[in-house]
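Q: First, the structure itself, so that you have it in front of you.
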Amino acid sequence: YNGTTWSEQNNVATARRTSGAGTQTAGIIVGGTNGAPGSTGVQTITEEYDGTNWAGGGSLSTARTGILASGEQTTVYAAGGFNSSSAIIGIYEQYDGTSWTGSTAMNTDRLNAGAVGNTSSNLVFGGYTPPAFFYASSSEEWNGSSWTVGGSLNTARISLASFGSQTNAVGAGGDLPGNSAATEIYDGSSWSTSTSMATARQGLTPGSSYNSSSTGMVAGGSQAGNPMNAQTEEWTGAG
């Protein structure tokens, strides 16, 4: 994406539904599934992008999909997800550009939640939590060594887009259940509502490396009845 149009680039080595992070010239995708969750299709694979080609990186310790991922290519974290035993998990791993290292698990197991920040300071929010795929509004903050409870979303949801930092985050769209266009902004302690997207949709992912809530974008997703969406919307700050 050049700010106006999308152009096709080189393919990843392993086709899968997955999470990613980083920038256009230093990106990363991690884990995911090329089969049903709970099958051998759940992946540990990491691939790194240099703006032209994809190359293999270090493997996750735990295979999973629906991962909460964000950060730069050398400061990416992978939190939570859905493992090969069809369980929502809270495992937290950090990437240094070469290998993944496990750290303190989240307080709440999560799947398909929002995620912003990096390995030294991040925020995760919403998503599915146990038991029985509960729609969560809660959030957690990571300070580099431990997790603490943060402010709750005004509207619980899953599969939302997210970008920003721990004290300046945006969560947009998602599934309530039902497609949402709602946008919320986090100031480090509480969430407030802001301008809604033009198109309500879900199936969105975290992973932006933007460090503020003044710029961002949402692309793709799905709408009511599950039609796939190719629309891109750009965020330029609170309205």
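The values are calculated or read from the model by the stated rules, or taken from the named source; none is laboratory data. As the structure is a prediction and not an experimental result, all values here were calculated from the model. Quick reminder, even Gly has a Cβ in these numbers, built from the backbone with ideal geometry, and neighbours come from all protein chains shown. Remember, those area values only see protein heavy atoms, side chains included, never the ligands or the DNA or RNA. Shrake-Rupley method; radii C 1.70, N 1.55, O 1.52, S 1.80 Å.
Q: Using the alpha carbon gyration tensor of the chain, what are the three equivalent-ellipsoid semi-axes (square root of 5 times each eigenvalue), largest first, in whole Å?
A: So the three semi-axes of the chain are 23, 21, 18 Å.
Q: Continuing with this model, one more query. First obtain the Kirkwood hydrodynamic radius of region 75-124 from its Cα pairs, then insert it into the Stokes-Einstein equation at 10 °C and 1.306 mPa s, and state the resulting D in µm² per second as a whole number. Write down the numbers at each step before the final one.
A: Numbers: Rh = 11.2 Å.
D, rounded to a whole number, is 142 µm²/s.
Q: Compute the Kirkwood hydrodynamic radius of region 1-129, taking the inverse of the mean of 1/r over all pairs of distinct Cα atoms, and give it in Å to one decimal.
A: Kirkwood hydrodynamic radius for region 1-129: 14.6 Å.
Q: Kindly list the residues of region 155-181 that lie in the label zone of Thr193, defined by a backbone N under 14 Å from the point 7 Å along the Cα-to-C-beta vector.
A: 155-156, 173, 180-181
Q: What does the convex hull of the alpha-carbon atoms of region 24-74 project to on average, in nm²?
A: 3.8
Q: Turning to a different aspect of this structure: Give me the accessible area per residue for region 132-239, probe 1.4 Å, as a whole number in Å². Let's see the in-between values first.
A: Working: 4630 Å² over 108 residues.
That works out to 43 Å² for each residue.
Q: Tell me the net charge near Gly27. Cut-off is 11 Å between Cβ atoms, Gly27 excluded, with +1 for each Lys or Arg and -1 for each Asp or Glu.
A: Every neighbour counted, the sum reads -4.
Q: Ala224 to Thr74: extension gain in nm, 0.36 nm per residue of separation minus the Cα-Cα distance?
A: Working: separation 150, 0.36 × 150 = 54.00 nm, distance 3.69 nm.
Contour length minus Cα-Cα distance gives 50.3 nm.
Q: As an exercise, find the ratio Rg/Rh for region 118-196 from alpha-carbon atoms, using the Kirkwood inverse-distance average for Rh.
A: 0.96
Q: Find how much the distance from Leu176 to Ser61 grows on full extension, using 0.36 nm per residue of separation minus their present alpha carbon separation; answer in nm with one decimal.
A: Going from the current span to full extension adds 38.3 nm.
Q: Also, I was wondering about something else. Between Asn34 and Phe134, with labels modelled 7 Å along Cα→Cβ, what's the label distance in nm to one decimal, could you check?
A: Placing both labels 7 Å along Cα→Cβ, they lie 3.6 nm apart.
Q: R0 = 35 Å: FRET efficiency of Thr167 with Ala105, Cβ-based, nearest 0.05?
A: Working: r = 23 Å, r/R0 = 0.66.
Here the calculated transfer efficiency is 0.95.
Q: Expressed as a whole percentage, what fraction of the accessible surface of the chain belongs to carbon and sulfur atoms when a 1.4 Å probe is rolled over the protein heavy atoms?
A: Summing carbon and sulfur atoms, their accessible area is 49 percent of the total for the chain.
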